[in-house]
């Protein structure tokens, strides 16, 4: 997903109300119509430090899985390359070309199976991280901007730092 030239980046800011309600504010600008709010159900009272620790753990997991996916992508390209080269060599009458086709197919199929398993493992770890951090789910319930602004502006509500993100 590419961003248009000159468009503002998304910012995310977390808020915790006096009653423990956790709200995520996603902003594309300063105007009310550019603000999106989501409320999260929690299993315990959270602090902003819990949120920051979760962000750090998710960033480490994302980096790890990103590297692993890069390896799988490379293996897939090697498998397809072996398949293509072996097929072309076989068409040209080179007997050794057949020795590249089967390994190419096997490498490609193994990479496909591993990518499916990796996706399942990544989602499982993602959900476990949110649960360990005190959230019932990683999915927010959308709130009206008016209701969210009232909760955030109430006494004893705390707001975290604004963070620029690629995708909100």
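The values are calculated or read from the model by the stated rules, or taken from the named source; none is laboratory data. In this text the structure is predicted, and so the values were computed from the model without any measurement. All Cβ positions, even for glycine, are placed from backbone atoms using ideal geometry, and neighbour counts span all protein chains on display.
Taken over region 122-144, the criterion of being surrounded by 15 or more Cβ atoms within 10 Å (Cβ to Cβ), touching a strand residue (DSSP E or B) at 6+ places or on another chain (Cβ under 9 Å) and farther than 15 Å from residue 42 by Cα is satisfied by 143 alone.
Surrounded by 12 or more Cβ atoms within 10 Å (Cβ to Cβ) and part of a helix (DSSP H, G or I): is that true of residue 72 in this structure?
On the way: surrounded by 12 or more Cβ atoms within 10 Å (Cβ to Cβ): yes; part of a helix (DSSP H, G or I): yes.
When the stated conditions are applied, residue 72 passes them.
Would you be able to say whether some residue in region 79-92 is within 21 Å of residue 124 (Cβ to Cβ) and either outside the structural domain of residue 110 (by TED's automatic domain parsing) or surrounded by fewer than 15 Cβ atoms within 10 Å (Cβ to Cβ) (or both)? There is no residue in region 79-92 that is within 21 Å of residue 124 (Cβ to Cβ) and either outside the structural domain of residue 110 (by TED's automatic domain parsing) or surrounded by fewer than 15 Cβ atoms within 10 Å (Cβ to Cβ) (or both).
Just one of (1) touching a residue at least 24 places away in the same chain (Cβ under 8 Å); (2) part of a helix (DSSP H, G or I); (3) not assigned by TED's automatic domain parsing to the domain that holds residue 65 fails for residue 111. It is (3). Filter region 122-168 down to residues that are within 14 Å of the chain's Cα centre (by Cα), touching a residue at least 12 places away in the same chain (Cβ under 8 Å) and in a helix (DSSP H, G or I), then give me how many there are. Residues meeting the conditions: 5.
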